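Read through the structure below, which is laid out as structure tokens, and then see the notes.
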Amino acid sequence: MKHLLVNVVCKSNDEKEKALLELQNVCSQCRACDLCKTRSCTVFSDGNASAPIMLIGEAPGPDEDAAGKPFVGRAGQLLNTFLAEAGIDRKNDVYICNTVKCHTPQNRIPTNEEKRACQAYLYGQISIIRPKIILLCGTTALQSFIDQDLKITDIRGKWLNIYDDIEVMAISHPSYLLRQHSTEPNTPRWFMKKDLEKVKAKLDELM
Ligand code: SF4
């Protein structure tokens, strides 16, 4: 499935930051779905507007809802470790956001209606940043882009044909990996390490 991106042309980092800030300001006032009633704040993004990699997660957790930044809790710390081990610099190489920008009650999975309500912000972010690589982190992000029935275990680690000019791969969500401790071959943590090594190799090839 191809997803149409808005034709935004931001050449410099300053232009990208300005366009993202404008979109973030609109998002911060958003009341397009009921998640606006239970959030502390919208959680728009973290990272470099000119990053070559865009990582898309599910929804802000309680730590993120309090901090206003994605992936700052235990799952975020585990993600940082995996990225660093693969030689990927979270601060410079990765722009991080979520499929939906507001915390869901009891951390439940966002509904299709909530994902649809929020998708203009996500596609806006992709359109402005135009990353070289998109990582769909977890099943919610994956199913927002591809078939609703696909699971991460079916497809993680493969390059997906979604955009002509952006490489896309699905990877496991670090929240899931917090419950998986083994690093033996063919375990979820081992696959995450291998997948991010593949991402780093692709990044080196593209840069
Ligand atoms: S989840 Fe997205 S669409 Fe829903 S209120 Fe928050 S910003 Fe708006």
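When the chain is treated as a GNM, springs tying every alpha-carbon pair under 10 Å, which of ILE129, ILE56, ILE155 comes out with the largest mean-square fluctuation?
ILE155
With each label point set 7 Å from Cα along the Cα-Cβ vector, what nm distance links GLN148 and GLU15?
With each label point 7 Å from Cα toward Cβ, the separation is 3.8 nm.
Mean-square fluctuation check for the chain, GNM, Cα pairs under 10 Å: which of VAL72, VAL26, VAL168 is largest?
Result: VAL26 has the largest fluctuation of those listed.
Where in the chain lies the longest segment free of trypsin sites (Lys or Arg not before Pro) that are both loop residues by DSSP (not H, G, I, E, B) and have at most 14 other Cβ atoms within 10 Å?
It runs 32-107.
Find the centroid of the Cα atoms in region 49-98 and in region 130-173, then give the distance between the two in whole Å.
Cα centres, region 49-98 to region 130-173: 16 Å.
At a 1.4 Å probe radius, carbon and sulfur cover how many percent of the accessible area of the chain? Don't jump to the answer; show the numbers that get you there.
Details: 5100 of 10220 Å².
Roughly 50 percent of what the probe reaches on the chain is carbon or sulfur.
Using 1/(1 + (r/R0)^6) with R0 = 41 angstrom and r between the beta carbons of CYS41 and GLU205, what's the FRET efficiency to the nearest 0.05?
Result of the calculation: an efficiency of 0.60.
Within region 67-86, find all residues whose amide N lies under 17 Å from a label point positioned 7 Å from the Cα of HIS181 along Cα-to-beta-carbon.
75, 78
Could you give me D for the chain, from Stokes-Einstein at 20 °C and 1.002 mPa s, where the hydrodynamic radius is the Kirkwood radius over C-alpha pairs? Units µm² s⁻¹, please.
Value of D from the Cα-based Kirkwood radius: 126 µm²/s.
Taking the square root of 5 times each eigenvalue of the Cα gyration tensor, what semi-axes in Å does the equivalent ellipsoid of region 132-202 have, largest first?
Ellipsoid half-lengths, sorted descending, are 20, 15, 9 Å.
What residues qualify as long-range amide H neighbours of GLY61, i.e. H under 5 Å apart, gap of 5 or more or another chain, H built at 1.01 Å from N?
Sorted by chain and number, the residues that satisfy this are PHE71.
Most fluctuating residue of ASP164, ASP195, ASP89 in a GNM of the chain with Cα springs under 10 Å: which is it?
ASP164
Pull up the cross-link candidates among the lysines for LYS158, meaning alpha carbon to alpha carbon under 16 Å and not fewer than 8 places away within one chain.
Leaving aside lysines fewer than 8 places away in the same chain, those within reach of LYS158 are LYS132, LYS193, LYS194, LYS198, LYS200, LYS202.
Per-residue HN-Hα couplings for region 31-37, Karplus 6.51 cos²θ - 1.76 cosθ + 1.60 at θ = phi - 60°, whole Hz, x for Gly and Pro?
9, 6, 9, 5, 5, 5, 7
Mind giving me the FRET efficiency for GLN29 and ILE109? R0 is 41 Å, r the Cβ-Cβ distance, nearest 0.05 is fine.
Result of the calculation: an efficiency of 0.95.
For ILE109, ILE134, give the ranking by accessible area with the largest first, probe 1.4 Å. Intermediate values should be presented prior to the final figure.
Values: ILE109 110, ILE134 0 Å².
Listed by decreasing accessible area, they come as ILE109, ILE134.
The values are calculated or read from the model by the stated rules, or taken from the named source; none is laboratory data. A quick note: this is a predicted structure, and the numbers were derived from the prediction, not measured. Reconstructed Cβ throughout: ideal geometry from the backbone, glycine too, with neighbour counts over all protein chains shown. Each accessible area value is taken on the protein alone, full model and side chains, heavy atoms only, with ligands, DNA and RNA left out. Shrake-Rupley method; radii C 1.70, N 1.55, O 1.52, S 1.80 Å.
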